[in-house]
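One structure below.
Every read-out reported here was derived from the displayed coordinates using simple, explicitly stated rules and does not represent laboratory data. From a predicted model like this one, the values you see are computed outputs, not experimental measurements. Here the Cβ is made from the backbone with ideal geometry for all residues, glycine too, and neighbour counts use every protein chain on show.
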Amino acid sequence: MTQELGVLNALDVAKTQWYHFTAIIIAGMGFFTDAYDLFCIAVVSKLIGRIYYYTPGSSRPGSLPPNVSAAVSGVALCGTLAGQLFFGWLGDKMGRKKVYGITLILMVVCSFGSGLSFGHSAKATMTTLCLFRFWLGFGIGGDYPLSATIMSEYANKKTRGAFIAAVFAMQGFGILAGGIVALIVSAAFNNRFSAPSYEIDPVGSTVPESDYVWRVVLMFGAIPAGMTYYWRMKMPETARYTALVAKNAKQAAADMSKVLQVVVEAEEEKLEKILNTNKNNFGLFSRQFLKRHGLHLVGTTTTWFLLDIAFYSQNLFQKDIFTAIGWLPPAKTMSALEECFRIARAQTLIALCGTVPGYWFTVALIDIIGRFTIQLIGFIMMTIFMFAIAFPYNHWILKENRIGFLVMYSLTFFFANFGPNSTTFIVPAEIFPARLRSTCHGISAAAGKAGAIIGAFGFLYAAQNPDRTKTDLGYPPGIGVKNSLIALGCINFIGSVLTLLVPEPKGKSLEELTGENEEPEVEAVGQQQV
């Protein structure tokens, strides 16, 4: 027998209203900032290397040593993983709204702190930068489970997938904005403080004012986050948390009456009946959870883990791939600011052609063809395009074939975002019970970030040329870009197989998916006999 609270049913059948778009914007701007902060470092890391690690007399410009490069790129991901687990758990204990403001404050403070990383030496500056980026990542980590959970609990069941996808799609605009801001700032400084190439004047190729460029780019991420703080604090707690976790039917009905602008009955007796069934009281480490949701959690964690190995490898090290195929000229033929500008331009083009469109295809089609289909097709197409780039790799590095490479590379991003990068975020916010929803989403997201860390640290070394004389300064020989791309293709294929563990939530209410509106038949019969 199923029984559903009127307040939750009102949310499920509500027509798309202004409050839905408000929630998308409030949650989405957090994700805009998340993506901007995580990926903008890729644009400016070579500039930072030139400024702080120049070696007098060297034939090549300064570059971040392997351990420093890995730390600068990966430390925010480590913070994100920790934040996803901590704030995911806290969101189920304290409520989504109470924790939501804390994550935003962390993001704003640490974005500014990253740009204000100073020290008497390169080591001191990088240490300070890594410290701020870890805590920045910690705040970003909290945004993942909270934004997804809040949007899923506010949405109606007909368009829930599109609403959660729209929040996540702001990540695409964040990546795009990272490229555009770096493009504008580096162009402005290069125009004002023009410099010769490194091979002409090694010292003069990096003007002192270059140090402002990466700082401005990193600090810009605080602006959109700070603008949404007031509105985050004005949002009421979600009715599903208030009713099913905090057990306050009266408050849930009052909050949603204001949001939906209709009268909603409290139904306290019905809530008590639902909550008192043993079926709805199991914990995360219980046999009931394992039986009902164990395979689901395995599916959401493993697919997100595998996806992020490939996705973050591609995103964080685009500049290395572009250099390897000759799309970016050798660093010594450019000044520091010109190199930053060209890297930013390349990232912006990829984001514009492949990344952003993929997200919005998901928004348009997810409630039509479903999460499972999109994720499966995405993984398979990513596998195909990775192999199509990798196996004829020597073909793509020829100058006349670079446009073809750009198209193929963009398509891998398109199918990542019109595919598992979106669905791995959406599904964990739908298929777990309200009292464990934020925690399980945090666990799934943390598994993804573990994959991202492997991608960030591993690809950095793996993609190095097998020929020791052609590796980047300080790196040991690797397996090369070609073999690294083949490995990523294999990872995507395994992801498509593990997608079979993930259920299809399309068109169902959250309580239908989790069984929170069901009353055990046996118990009902027993009560009648008494």
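Taking every Cα-Cα distance in the range 85-240 and sorting them into 5 Å bins from zero, the calculated P(r) comes out as 2, 8, 13, 16, 17, 14, 10, 7, 5, 4, 3, 1, 0 percent.
Taking packing as the residue-averaged number of other Cβ atoms within 10 angstrom, the listed peptides 407-417, 456-466, 287-297, 204-214 run from highest to lowest as 407-417, 456-466, 204-214, 287-297.
Only Cα pairs under 8 Å and 6+ residues apart enter the sum, and on that basis the relative contact order of the range 320-461 stands at 28 percent. For the range 210-291, the square roots a ≥ b ≥ c of the C-alpha gyration tensor eigenvalues yield an a/c of 1.5 or more together with a/b not exceeding b/c, which makes the shape oblate. Could you state the orientation-averaged shadow area of the convex hull built on the Cα atoms of the chain, in nm² to one decimal? The Cα convex hull of the chain, projected and averaged over all directions, gives 24.2 nm². Temperature 10 °C, viscosity 1.306 mPa s: under these conditions the Stokes-Einstein estimate for the range 11-125, based on its Kirkwood radius over C-alpha pairs, is 92 µm² per second.
Ranking I377, W18, A188 by how far each Cα lies toward the positive end of the dipole of the chain (charges on Cβ) leaves A188 at the top.
Mean separation of Cα pairs under 8 Å and 6 or more residues apart, divided by the residue count, gives the chain a relative contact order of 25 percent.
Restricting the calculation to Cα atoms, every distinct pair contributes to the Kirkwood radius of the range 420-513, found to be 15.9 Å. When the helices of the chain are scored as -39500 (n - 2.57) per DSSP H run of n ≥ 4 and the total is divided over every residue, the value at 222 nm lands at -23500 deg cm²/dmol.
Dipole size of the range 212-259 about its Cα centre, with +1 on Lys/Arg Cβ and -1 on Asp/Glu Cβ: approximately 80 debye, rounded to the nearest 20.
Pairs from the table (K273/K449; K15/K449; K123/K332; K247/K291) lying more than 29 angstrom apart at Cα are K273/K449; K15/K449. About the centre of its Cα atoms, the range 449-508 shows a dipole size close to 140 debye [charges on the beta carbon of Lys, Arg (+1) and Asp, Glu (-1) only; nearest 20 debye].
Got a sec? Charge dipole of the range 40-114, +1 on Cβ for Lys and Arg, -1 for Asp and Glu; which of V75, F87, P56 is way out at the positive end? Toward the positive end, the furthest listed residue is F87. Across all directions, the average flat footprint of the convex hull enclosing the Cα atoms of the range 165-253 is 9.1 nm².
Each 10 Å bin from zero holds the following percent of Cα-Cα pairs in the range 367-493: 12, 32, 32, 16, 7, 1.
The charge dipole of the chain, taken about its Cα centre with unit charges on the Cβ atoms of Lys, Arg (+1), Asp and Glu (-1) only, comes to about 740 debye.
Size descriptors for the range 352-416: radius of gyration and Dmax over Cα atoms are 13.5, 42 Å. Between I397 and W360, residue separation times 0.36 nm minus the direct Cα-Cα distance comes to 10.2 nm.
In the calculated pair-distance distribution of the range 127-168, the portion above 13 angstrom amounts to 59 percent of the Cα-Cα pairs.
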